[in-house]
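J.: Dropping a structure here in structure tokens format, bear with me for questions.
Just so it is clear, none of the values below were taken in a lab; they were calculated from the coordinates. From a predicted model like this one, the values you see are computed outputs, not experimental measurements.
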Amino acid sequence: MAAPQDLTLVYFDAPWRAEPIRYILSYGKIAFNDDRIPLQLYFEKKPSLDLPFGQIPT
């Protein structure tokens, strides 16, 4: 199966749930953009994000 052309992983600037995904992508030599959101920015913007279930990931 071919890897996506523009893969972007968006998560907090912390390991938690995204770290295994980062490991697997790196191990598989799959290029991806690692877009890390600072926690403080997330908490400031959270009320205006209209997230399903009020959190990420969804």
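J.: Mind listing the long-range amide H neighbours of Ile37? Cut-off is under 5 Å, sequence gap 5 or more, other chains count too, H placed in the peptide plane at 1.01 Å from N.
T.: Distant-sequence amide H within range of Ile37: Tyr11, Phe12, Asp13.
J.: Would you kindly give the portion of the calculated P(r) for the chain that falls above 13 Å, as a percent of all Cα pairs? Let's see the in-between values first.
T.: On the way: 1096 of 1653 pairs.
So the portion of pairs separated by more than 13 Å is 66 percent.
J.: Give me the percent relative contact order of the chain, please, defined on Cα pairs under 8 angstrom at least 6 residues apart.
T.: On the way: 38 pairs, mean separation 23.3, N = 58.
The normalised contact order for the chain reaches 40 percent.
J.: For segment 36-49, take each phi angle, set θ = phi - 60°, evaluate the Karplus expression 6.51 cos²θ - 1.76 cosθ + 1.60, and give the result in whole Hz per residue in order, putting x for glycine and proline.
T.: Using θ = phi - 60°, the values come out as 9, 9, x, 4, 4, 4, 4, 5, 6, 8, 3, x, 9, 7 Hz.
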